[in-house]
Structure formats: C-alpha cells, structure tokens
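Quick notes on the structure that follows.
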Amino acid sequence: MGSYHITVLKGDGIGPDVVTEAMGVLECVGKKYGHDFVFNEKLAGGCAYDAYGEPLPEETLEACKNSDAILLGAVGGPKWDHLPANLRPEAGALLKLRSSLGLYANLRPAIIHKALSDASPIKPEIIGDSLDILVVRELTGGIYFGERGYREGKHGEEAYDVEAYSEFEIKRIAVQAFEAAMKRNKHVTSIDKANVLESSKLWRRTVTEVAKDYPEVELDHMYVDNAAMQLVRNPKHFDVIVTSNIFGDIISDEASQITGSIGMLPSASLADGAFGMYEPIHGSAPDIAGKDMANPIATILSAAMLLKFSFGLVAESQAIEDAVTKVLDAGYRTPDIYSEGTKKIGTKEMGKRICDAINA
Ligand code: NAD
Ligand code: IPM
Ligand code: MN
C-alpha cells in the first residue's frame, strides 16, 4: 500500500481525451493493488496561456517539482501558433518543463503488438514475429536549446539555430542507452551525422568511449539518413538506438508508424533518480480532438512506464501492459489502428476495456 502524488497536465487538443483514460486505468490499478494515486491537475500549454497569459504558470511548475511524477498529454495547436516562441505551448511549456526539471533521458519504446501486424505498413516477412526497439533520445540539449536568433545576412534577414553538445551531455545519455541495452539484446546503434557535423563527431567519439565500459554490448554507428532508411528496410537490425534531441524526435515518429500508429508509443523523460515525466510521443492532434477518436494506448502505456520507473511498481506496470495486449488480442481498435475484421471503438471504450481487462 502506498500513496503517490502525480501532477497531471492534460494539455491541449486530444491531451484531455487520452489522459482522462490513463487516469482511469491508474485508478483501476490503485484499487486492485491497494495504492492511492493522488492526482493534482494543473494547466500547461495553450490552455494555460488562455487562462493565465503564460503557457507554464509558476504554480504548475511548482506542483510538478513537488510531486513524485508527472503525466502529460500533449500541448500546442493552431490557435497558439502565432505567439512568440516563449509564449508558445511547445517551447514555453514543454521544453521549459523538460529543461527546468533536468529530464535529459527520453526513453521511447517502439514495440509491435502481434495483433497489430496488420496495422503496420511494413511487410510481415520483414517484421517477423515481433519487433522491439528502444529509442533513447537526448532531451535537454542540441539544437532545441542552442543559441538561436535572427541576423542580417548577405542576402538580407537570416535565422539560425545552433546544434551544440557537450561531452558531459553525450556521455550521460550514452550511459543510459548502454545500461538499457544490458537489460535487453546488448546492441546499441548510435545515430548521428558525423560525416558533416562537428557536434556529431564529438557524439560518435564520446559514445565510443562510453562503450569501453560495456564490453558485452555491441555498438554500431549509423548516419541519420541511412538509419531512417534502415528502419523501414530492416527494422530488426535495431535494439537500442541512442541519438540527439532532433534526430530522436524524427526517428521515433518513424519508428512509431512501424508499430501501426503514433497513438501506440509511450515515453518516459527521466532525470537522474526516480523522478520523471511521462507522455505519449504524439502531439495534440487537433484534427481529432474531442471526437472520441484518439488512441489512448500511448498515454496508458506511459502511465505503465510511470509506475515502473518512478514508483518501482513493476507488477502493476506489467498488469497495464498485459491488459493492453488482451484488448488488442480481442480485436478492439481505435480508428487509427483499425483494419477489416476488427472492432472499431472510441477513446473512452478503449480506456474502459483496458480497465476491465485489469480487473478480469
Ligand atoms: P500530432 O502527433 O499531433 O498528429 C499527427 C497525426 O497523427 C495526425 O493526423 C493525428 O490525428 C494523428 N495522431 C496523433 N496522435 C494520435 C492518437 N493518439 N490517436 C490517433 N491519431 C493520432 O502531430 P502534429 O499534427 O504535427 O502536431 C499537432 C500539434 O501538437 C502541434 O501544435 C505540435 O507542435 C504539437 N505537438 C505536441 C507534442 C507534445 O506535446 N509532446 C508532440 C508533438 C506535436
Ligand atoms: C515531441 C514533440 C516535441 C519535440 C515538440 C512539441 C516540442 O514533437 O515530444 O516529440 O520536438 O520534442
Ligand atoms: Mn515529436
């Protein structure tokens, strides 16, 4: 029996749709296993800008700092795209949360559920029985946080964003990747653009150094353009991928589609220690917001990661994953993963069926 404090940031668009279902699932788990999950809902993103004139009010940041973990939906949308960067939900809330809380390690597991092989655009003979890739994305450095601005160039105004990485930043994310690989298939692929970028040369050199502490782990390096191609040509090559902030953003969306839908991929953003923020890798999907169409599984699986990584509740986390598998095996699908012969259901019913499977 334990009492755990979770700050919940539903955010914008489909954020509230999917987080509501993940909270419902956590409540089911709490009841079944005798835990008290205390939710503290706060505003972040466009909804916070509308209410307070700022995307990340101090009160929200304080609540996050004072909780055991954070569950986030998604932020942003066309309504706020015109705002200056610091007031936009993406930079003003999400990136600020990640950097203020030191969440440098972003784990994005891309796993194909057997039942969903039809939903993957990749041929069954390429995927085989299963696919299980872990993208380890650096989250608080690189071009997202480098110097940026506008200046007068040779042909008038120009804009710039600097990609910079320190050895310290590369080393700590590489360690996370190798530690994860030790618990998996002992294979790390480091993705960079070392044929062009200085920051990638330092990346490659540092990852190679870190590898010396993990002699059991096989390390290979791949240029990002080739990696993007290999992910669809031969996804089975990959076990753990470690890469920079921007490459990890792109590669993980690509990996998600291999699993059937971006609505399936959870993530954990971790600092050193147990604290973390958990969110689906997808965005606020304004096109389907509030229509009971969004797939809540990515967020529900993010809640499972929360239980495991921040609370050490391994059996409870596994119970959620097993329930998701059961519901998919029973043929229930939100529209994004629907194929002929399966049963199309909405966001709420998917959440409810996963709860029922936990209680069964
Ligand atoms: P998106 O991920 O929101 O949507 C891309 C496509 O995937 C859309 O067709 C959408 O309907 C679909 N999709 C996404 N999640 C889904 C789900 N759970 N179930 C079913 N379909 C789903 O990406 P976008 O359209 O590029 O961005 C929309 C907004 O979200 C932008 O403002 C962007 O900045 C923001 N965004 C936020 C986050 C975040 O908060 N972590 C992540 C990515 C994008
Ligand atoms: C993600 C998103 C964010 C990112 C945006 C919204 C800032 O795409 O979490 O993958 O690029 O990190
Ligand atoms: Mn992204």
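Summary of values
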| read-out | value |
| --- | --- |
| The chain - Cys residues lacking any other Cys C-beta under 4.7 Å | CYS47, CYS64 |
| Charge tally in the Cβ shell below 12 Å around SER284, where Lys, Arg are +1 and Asp, Glu are -1, SER284 excluded | -4 |
| Max mean-square fluctuation residue, GNM over the chain, Cα-Cα springs under 10 Å, options ILE143, ILE337, ILE111 | ILE143 |
| Euclidean distance between Cα centres, segment 52-83 to segment 190-266, Å | 29 |
| Residue-averaged 222 nm ellipticity for the chain, from DSSP H runs of 4+ at -39500 (n - 2.57), nearest 500 | -12000 deg cm²/dmol |
| Debye intensity ratio in log₁₀ form over the Cα atoms of segment 58-207, taken at each q of 0.09, 0.10 Å⁻¹ | -0.44, -0.54 |
| Difference of contour (0.36 nm per residue) and Cα-Cα distance, HIS187 to SER3 | 62.5 nm |
| Only Lys, Arg (+1) and Asp, Glu (-1) charged, at Cβ; the chain dipole about Cα centre in debye | 540 |
| DSSP beta bridges in segment 1-157 [antiparallel fraction, %, rounded to 5] | 45 |
| DSSP-defined antiparallel bridges as percent of all bridges, the chain, nearest 5 | 40 |
| Signed unit charges on C-beta, dipole axis of segment 121-258, positive-most listed residue THR243, ALA159, TYR214 | TYR214 |
| For peptides 42-54, 273-285, sequence by mean Cβ density within 10 Å, most packed first | 273-285, 42-54 |
| Global geometry of segment 253-360, whether rounded, prolate or oblate, following the gyration tensor of its Cα atoms and the 1.5 cut on a/c | oblate |
| Listed residue pairs exceeding 21 Å between alpha carbons, taken from LYS326/LYS352; LYS65/LYS308; LYS32/LYS326; LYS308/LYS348 | LYS308/LYS348 |
| Calculated diffusion of segment 121-258, Stokes-Einstein form, Kirkwood radius summed over Cα pairs, 25 °C and 0.890 mPa s, µm²/s | 155 |
| 3J(HN,Hα) from dihedral phi, segment 27-32, Karplus parametrisation 6.51/-1.76/1.60, rounded to Hz, x for glycine, proline | 4, 4, 5, x, 4, 5 |
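Values in this text are rule-based calculations from the coordinates and carry no lab data. As the structure is a prediction and not an experimental result, all values here were calculated from the model. All Cβ positions, glycine included, derive from the backbone under ideal geometry; neighbour counts span all protein chains shown.
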